[in-house]
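Heads up, the thing below is written out as structure tokens.
Read-outs: derived from the displayed coordinates by stated rules, not from any lab. The model shown is predicted, which means the values in this text are computed figures rather than measured ones. A quick note on method: Cβ atoms are made from the backbone with ideal geometry, for glycine too, and the neighbour counts reach across all protein chains shown.
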Amino acid sequence: MAKIMAVNAGSSSIKFQLLEMPQEEVIASGNMERIGLAEGIFTLKYNGLKEETHPVLPTHAEGVQLLLDTLIEKGIVKHLDEIVGVGHRIVQGGEFFKDSTLVDGEDGVVINKIAELADLAPLHNRAHIIGIRAFQKALPKVPEVVVFDTVFHQTMPEEAYMYATPYEWYEKYGIRKYGAHGTSHKFVSDRCAQLLGKPLKDTKIIVCHLGNGASICAVEGGKCKDTSMGLTPLEGIPMGTRSGNLDPTVVSYICEKENKTAVEVVNILNKQSGLLGMSGRSNDARDVTNGMNAGDHRCKMAFDVQAKRIVDYIASYYVYMGGCDAICFTAGMGENLKHLRLNVSRRLGVLGVEIDEKLNDTFSDERLISTPNSKIKLFIIPTNEEVMIARDTVRVGKIKC
Ligand code: ADP
């Protein structure tokens, strides 16, 4: 048995899960938020308890130290030696990282390369490095493994990842599609193959990861063939606050009309668009659903635009893969928003998709929600990125458990 810490470090937060491997049992989980502000928030779940405290967390290093001290204090671990690996989620691995990788020291190739790639994911990659360093300081002898959101998408063929822009942009700056949510797409498609009872290599699966950030992925034989997110997580379908695809001319047009820079407009496309921008109400699907149910046209329109664009991708991936065994819904909206699943599935009738409305309404976790007649099976599969991080930490760190 081995305890592995799965970490997702953001610029002011550290989300974590401590897992017992190989059982994949969650022993503790939680979040450190508001790092660097006057008062932080530390939530910890363990043994069916949920505790919240408000410590001062000047930097990530104090956050990590407090987390480890608390694990001992609460008896969650007796000694820190029990934690034998730390796995870090990293958003952008570019073309360099083709697999999860062991971190080679404080200033080695791995950290330097992640820093170099920060141009493509400035907020995320820099925060991840801070998280890695904080754990290196607190647990210097423990192997650390970096698990990239982009690795799963590295199998996309050239015709799927290239943009039709001057080729020098690709050569000089790496301008191409990298995708995101790869860890989730892999977890869900692997699990879907098990539910289908088919060898992974014989499956064609479309995964709809619909959270605050959302992406669709075509997975053929367990490998990514195409995905909706691009150079950055702005491309693809409309999300909580992100616009998804649009004509790039919108950027220069708004720059001129509102006397803004391109960076400012792209910031609006990232932070004030999507469900929030369309509904004018919220980026949270629950609020937009309440608005829709109360008869607010813009809330209904926001979901219709999103559903239509999800279906555009599904239809295109169906054709690209030459068919599809199953469509999976996952993440906050995919797992919980029955009206969106219904809206999407009804639009797919032409492909022989038939949703079972009762199964779609039932509240339970993983399940089939299509009728026996449906030509493509529909599943809800809750995602579990932390388990994938822990699995890769064990594999790449060669940890015995
Ligand atoms: P992320 O990890 O990208 O921040 P999540 O996967 O947590 O996002 O998904 C967040 C979205 O899921 C929000 O729009 C939220 O409203 C929606 N969501 C979460 N739980 C529910 C629920 N019980 N019912 C409806 N929507 C939900």
Q.
For the pairs Lys3/Lys45; Lys98/Lys198; Lys113/Lys201; Lys198/Lys223; Lys177/Lys225, flag any whose C-alpha to C-alpha distance is greater than 21 Å.
A. Lys98/Lys198; Lys113/Lys201
Q) What list of ³J(HN,Hα) values in whole Hz, one per residue of the stretch 86-103 in order, does the Karplus curve 6.51 cos²θ - 1.76 cosθ + 1.60 (θ = phi - 60°) give from phi, with Gly and Pro shown as x? A) 10, x, 10, 6, 10, 5, 10, x, x, 8, 6, 8, 9, 7, 4, 9, 6, 6
Q: Note the angle between two axes, namely the Cα long axis of helix 249-258 and the longest principal axis of the Cα atoms of the chain, as a number of degrees from 0 to 90, rounded to the nearest 10.
A: 80 degrees
Q) Are there chymotrypsin sites (Phe, Trp or Tyr not before Pro) in the stretch 78-167 that DSSP puts in a loop and that have at most 15 other Cβ atoms within 10 Å, and which ones? A) Tyr163
Q) Can you give the relative contact order of the chain as a percent, counting alpha carbon pairs under 8 Å and 6+ residues apart? A) 15 percent
Q: Please report how many Lys pairs in the stretch 257-315 have alpha carbons closer than 24 angstrom, counting only residues at least 8 apart along the chain or sitting on separate chains.
A: 5
Q) Taking square-rooted eigenvalues a ≥ b ≥ c of the alpha carbon gyration tensor, is the stretch 24-100 rounded, prolate or oblate, where a/c under 1.5 means rounded and, failing that, a/b exceeding b/c means prolate? A) oblate
Q: Quick one: net charge around Val353, please, counting Lys, Arg +1 and Asp, Glu -1 for every other residue with C-beta under 10 Å from its C-beta.
A: +3
Q. With charges set only on the Cβ (+1 for Lys and Arg, -1 for Asp and Glu), what does the dipole of the stretch 1-110 come to about its Cα centre, in debye to the nearest 20?
A. 300 debye
Q: Using only Cα atoms, find the angle between the long axis of helix 262-271 and the longest principal axis of the chain, and express it within 0 to 90 degrees, rounded to the nearest 10.
A: 90 degrees
(Q) Can you tell me the mean projection area, over all orientations, of the convex hull of the chain's alpha carbons? Units nm², please. (A) 21.1 nm²
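Counting trypsin sites (Lys or Arg not before Pro) as exposed when in a DSSP loop with at most 14 other beta carbons within 10 Å, what is the longest stretch of the chain free of them?
After excluding every exposed loop site, the longest remaining stretch is 142-374.
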Q. Once both axes come from the Cα atoms, what is the angle between helix 60-73 and the longest principal axis of the chain, in degrees from 0 to 90, rounded to 10?
A. 70 degrees
Q | Shape call, the stretch 124-195: gyration tensor on alpha carbons, a/c limit 1.5 | A | oblate
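Roughly how big is the chain's charge dipole about its Cα centre, with Cβ charges of +1 (Lys, Arg) and -1 (Asp, Glu), in debye to the nearest 20?
660 debye
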Q.
Considering only C-alpha atoms, what is the centroid distance from the stretch 113-136 to the stretch 334-388, in Å?
A. 36 Å
(Q) Quick check on the chain: of the DSSP beta bridges with both residues there, what percent are antiparallel, nearest 5%? (A) 70 percent
Q: Pull up all non-local amide H partners of Ile175: gap of 5 or more, or a different chain, and H-to-H distance under 5 Å with H placed in the peptide plane.
A: Tyr170
Q. Under 14 Å Cα-Cα from Lys141, which aspartates and glutamates qualify once same-chain neighbours fewer than 8 residues away are excluded?
A. Asp81, Glu82, Asp104, Glu106
Q: Any chance you could check the Cα centroid distance between the stretch 202-262 and the stretch 1-74 for me, in angstrom?
A: 31 Å
